[in-house]
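This report refers to the structure that appears directly beneath it.
Every read-out reported here was derived from the displayed coordinates using simple, explicitly stated rules and does not represent laboratory data. In this text, all values refer to a predicted model and were calculated from it rather than measured experimentally. Note that we place each Cβ from the backbone using ideal geometry, even for glycine, and neighbour counts take in every protein chain shown.
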Amino acid sequence: MPQKHEEMMELAKRRGFIWPSFEIYGGVAGFYDFGPLGALLKNKIIQKWREYYVIKEGFFEIDSPNVMPEEVLKASGHVNHFVDAMVECQKCGAAFRVVDLSREQTGKDIEGMPKEEMNQFVKKHRVRCPNCSGELGKIFDFNAMFRTAIGPGSQRVGYLRPETAQGIFIDFKRLQRHARGKLPFGVVQIGKGYRNEISPRQGIIRLREFTMAEAEVFFDPDDSHHPKFSELAGEQLRLWLAGDQQHGKEKLTEVMAGEAVKQKLVCNELMAYYLALTKRFLLDLGIPGEAIRFREQTPGQRAHYSSETWDAEVSTERFGWVEVAGLAYRTDYDLSRHAQFSKEDLTIFSAGKNKKVICHVVEPSYGIDRPLYCMLEHSYVSEKKRKYLRLKKEFAPIEVGVFPLLNRDRMPEKAREVHEALRAGGLMAEYDDSGSIGRRYARADEIGTPYCVTIDHQTLEDDTVTIRNRDDTSQVRVGISGLANTIIDLIRGCS
RNA sequence: GCGGCAGUAGUCUAGCUUGGUUAGGACACGAGCUUGCCAAGCUCGCGGCGCGGGUUCGAAUCCCGCCUGCCGCACCA
């Protein structure tokens, strides 16, 4: 029932999680704003990711520009692979890369040829639609990167970055010095990425500007061990192997991370480790285990820089299996290319081998917006009278609501004091005295607020309040002193 | 991007076929009253025809363009 998606999105829009950008000007497809609650939720996801990669893995976090000069993306291969001359069949409407079609049908490589010559080439060699043999139309540029000009006079071409990773590779020399030359080491970046999608639909799942969190793990190609692999080697992984996909089989292979390496289902220990870590992360967000799988990209699906890629996918009602993270073995592709194009030495000295090597890279790359959608969809509960977000408590944007039972007898004043105390205690607390108490509980439930504190007559007598639980509406009475810590413990303790 | 359908307050919706007073309702929201714990009630209030152009004495209604959304195709390195 896709109705759930509609209801949940209506709620998300109405209550301030996400809404289409630029609405008063009619909107622009592929862009969404995060409202007050959405921004809180998104920041909590990012903070959780930092906990995993920066704190626990000990990776360095950097923050580099969104605008990149053309040279960088030429070296990375994105200029060639992202900006294509396309042609559309006039009969069936299918679109193709001109260069690919020409190579297939004439054996000639016309990469880099000016557009006018390409048009003539296609005409002269009678390149046709491979599907229906229809006649092809005019060649047009398909530019998946947003292009801009750096500085006045449009002298220097720049692009909005299609991934944050390149900012890391470029800084390799300084970063390896920061790591004092020890391998493996990891560097992360959290920020915006941009892709000028042809027709973005699927709401927040396919955005033209999106937030990503990427980690680049640099290692000696002869030593792909992870120092903490034993901690995750027993983690069960559900793999959809490329071979099975190519044979049209839906079969999932259930295997422990350690076994996956031994059986060579996964290329190396680092990759297996981050697959397992990704699973842990998604579970931590509140995504159920049965809604998580790892799909191995088939050779044709892989990006130009990758020799093995796994997509972490989450099952959704509305969009089916959605890729929320991609784990790519980028080999030495990026560092080699940047070394070649920049003429800089991007090798590192390997003490073990007593010589210089070019690092290989395993890259866990996460979208932030997509898991956020998955969390909303998976947490949306619609019961007879009650509709609410059963978000994991630590991710709820508003952590506690504070209500006076009645708007008299000094209850509002007392409630405001409690509200202030909770805020002072570090909690995202919201005060509400409008409407009946039941209505206020419902309002709080709707946005996933896990606890509500109610000030009643008894509070005025003995300084106790009730704490009401979102999930089962049960209430307990506790003392006001130390209330903030009581609630923090509740949020941490339960899920 | 191509084809089909659609767009009315924050949300849902009546009106559109056959152009004609101040575009009606519900929920939500705000103020007040009320209210001893799960969307109760009463009074008052806020708020709308996606944007632009055309036809007409007169357009939410008819026509055109754009934007956005949904469905199908293509695309998603």
Subject >> Within chain A, helix-based [θ] at 222 nm, where runs of 4 or more DSSP H residues each add -39,500 (n - 2.57), nearest 500 >> reply: -9500 deg cm²/dmol
**OP:** Using the number of other C-beta atoms within 10 angstrom as an exposure proxy, rank A:H304, A:H360 with the fewest first.
**Re:** A:H304, A:H360
Original post:
Between A:M428 and A:N143, how many nm apart are label points set 7 Å from Cα along the C-beta direction?
Top reply: 3.8
Subject >> Point-charge dipole on Cβ atoms (K/R +1, D/E -1) for the range A:209-311, about Cα centre, debye to 20 >> reply: 400
Subject >> Anisotropy class of the range A:225-300 from Cα gyration tensor, a/c 1.5 cut >> reply: oblate
Original post:
Which percent of the Cα-Cα distances in the range A:390-467 go past 18 Å?
Top reply: 35
Subject >> Dipole in debye (nearest 20) - chain A, about Cα centre, beta carbon charges: Lys, Arg +1; Asp, Glu -1 >> reply: 760
Original post:
How many nm separate the modelled label positions at A:L460 and A:N80, each set 7 Å beyond the Cα in the direction of the Cβ?
Top reply: 7.8
Subject >> Exceeding the 20 Å Cα-Cα cut-off - candidates A:K42/A:K393; A:K56/A:K393; A:K262/A:K356; A:K56/A:K279 >> reply: A:K56/A:K393; A:K262/A:K356
**OP:** Binning at 20 Å from 0, report for chain A what percent of all alpha-carbon pair distances ends up in each bin.
**Re:** 20, 47, 27, 6, 0
Subject >> Residue exposure sequence - A:D332, A:D445, A:D471 - by fewest surrounding Cβ within 10 Å >> reply: A:D471, A:D332, A:D445
**OP:** Assuming R0 = 30 Å, can you tell me the calculated FRET efficiency for the pair A:R477 and A:Q3, based on Cβ-Cβ distance, to the nearest 0.05?
**Re:** 0.15
Original post:
In percent, how large is the relative contact order of chain A, given Cα pairs closer than 8 Å and 6 or more residues apart?
Top reply: 12
Subject >> Residue order, fewest to most surrounding Cβ atoms within 10 angstrom, among A:F395, A:F17, A:F229 >> reply: A:F229, A:F395, A:F17
